[in-house]
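Down below is the structure, laid out as structure tokens.
The values are calculated or read from the model by the stated rules, or taken from the named source; none is laboratory data. All values derive from a computational prediction rather than experimental measurement. When we count neighbours, we look across all protein chains shown, and the Cβ atoms used for this are built from the backbone with ideal geometry, even at glycine. Side chains are part of the model used for accessible areas, which takes the heavy atoms of the whole protein and leaves out ligands, DNA and RNA. Shrake-Rupley method; radii C 1.70, N 1.55, O 1.52, S 1.80 Å.
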Amino acid sequence: MNRFSLFFLMVMVIQGCAQPPWYGNLEFLGRFPSNLSEVSGIDRDNNGNLWVIEDNGNKDKLYQIDKNARLVKGLRIDNAKNEDWEDLSIANDGTVYIGDFGNNSNTRKDLVIYKIPKTELRKKTPKAEKIKFSYPQQTKFPPKKKNLLFDSEGFFHWNGYLYVFTKNRSRPYSGKTLAYRVPDKKGEYEAEFLGELILCKDQDHCSITAADISKDGKTIAFIGYGFIYLLTEFDLNDFSKFKKKTIDLNYETQIESICFWNDTTLLIADEQSKTRGRNLYRYQIKKD
């Protein structure tokens, strides 16, 4: 190889290494610290503070982060056990709800949402109340493969209720998501069935891994692996009808978290998978 060819090759290698990371249609905001490698839920409070949780196998802690994914503080939650924390929701009054309803094998009978009043968050170790619930449609643990519909990774709070959306694990894959709600008060409930949704029938992208509702209550955001689904013109009492917008992020990682920063901006987080993920992103909703 002559000197010119070697120089040209070196330039190409340097340029290739200098290319910025690819995040598709997402705007990179920051990388979580290594002790937050499995963020499974995110939401913001009315003061603009961001809070996250991690899922199965991690600590019973609620973490505050800044807008660049840097850790501000962690709070161990008393009277709560992280069996499989899958989503986080913060009500308008500042109450925090943690959904411990991960149920990959559809065998759990101890589904619970932890409620942490705003006043408790001022304490070093906030104490949670328990909202226990069950799905009325599930009678076998586990059900047949075609009815593996009772895992969940997404929910939100709205007007006195917690709306829970299941993650489809059926085989063959049906694409169904079941919608439920339970009161936001301490107690034990049979969840109220609100209907089923089919966002699409692609197993790689259609299973819901997080959910949130906009502050004005007009838009629901679901996320799967690489896709956002925005629902409008819906009825929270009956999910048989709605208008859906599908957004391809052109970026696929283990995305597990979504929340509205405001009515036109979404924050999204993914878990670490090999060398990818563990990041916080922003997505600006485009007008039609």
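Applying the selection to the stretch 121-137, what residues are more than 17 Å from D100 (Cβ to Cβ) and not in a loop (DSSP other than H, G, I, E, B)? It would help to see each step written out before you state the result.
First pass over the stretch 121-137, keeping only residues more than 17 Å from D100 (Cβ to Cβ): 121-125, 136-137.
Selection gives L121, R122.
If we keep just the residues of the stretch 194-221 that are hydrophobic (A, V, I, L, M, F, W, C) and farther than 22 Å from P172 by Cα, which is surrounded by the most Cβ atoms within 10 Å (Cβ to Cβ)? Ranking the candidates gives A210 first.
Within the stretch 274-287, can one find any residue that is of a type in the set (A, V, I, L, M), assigned to a loop (DSSP other than H, G, I, E, B), in contact with a strand residue (DSSP E or B) (Cβ under 8 Å, 6 or more places away or on another chain) and surrounded by fewer than 20 Cβ atoms within 10 Å (Cβ to Cβ)?
Yes - at least one qualifying residue is present in the stretch 274-287.
Please count how many residues of the stretch 158-201 are basic (K, R), under 23 Å from T139 (Cβ atoms) and in contact with an Asp or Glu (Cβ under 7 Å, 6 or more places away or on another chain).
First, pick out the residues of the stretch 158-201 that are basic (K, R): 167, 169, 171, 176, 181, 185-186, 201.
Keeping just the survivors that are under 23 Å from T139 (Cβ atoms) gives 167, 169, 171, 176, 181.
Subsequent filtering for residues that are in contact with an Asp or Glu (Cβ under 7 Å, 6 or more places away or on another chain) retains 167, 169, 176, 181.
Within the stretch 158-201, residues that are basic (K, R), under 23 Å from T139 (Cβ atoms) and in contact with an Asp or Glu (Cβ under 7 Å, 6 or more places away or on another chain) number 4.
Identify, please: which residue in the stretch 140-158 is open to solvent by 20 Å² or more (accessible area, probe 1.4 Å) and under 20 Å from the mean Cα position of the chain (by Cα) and is, among those, farthest from S257 (Cα to Cα)? The selected residue is W158. On the stretch given as the stretch 1-39, residues that are hydrophobic (A, V, I, L, M, F, W, C), surrounded by 10 or more Cβ atoms within 10 Å (Cβ to Cβ), modelled with pLDDT of 90 or more and not in a strand (DSSP E or B) total 3. Counting only strands (runs of 3 or more DSSP E) that sit wholly inside the stretch 213-258, those with at least 3 residues that are under 15 Å from the mean Cα position of the chain (by Cα) and closer than 23 Å to Y161 by Cα are 220-223.
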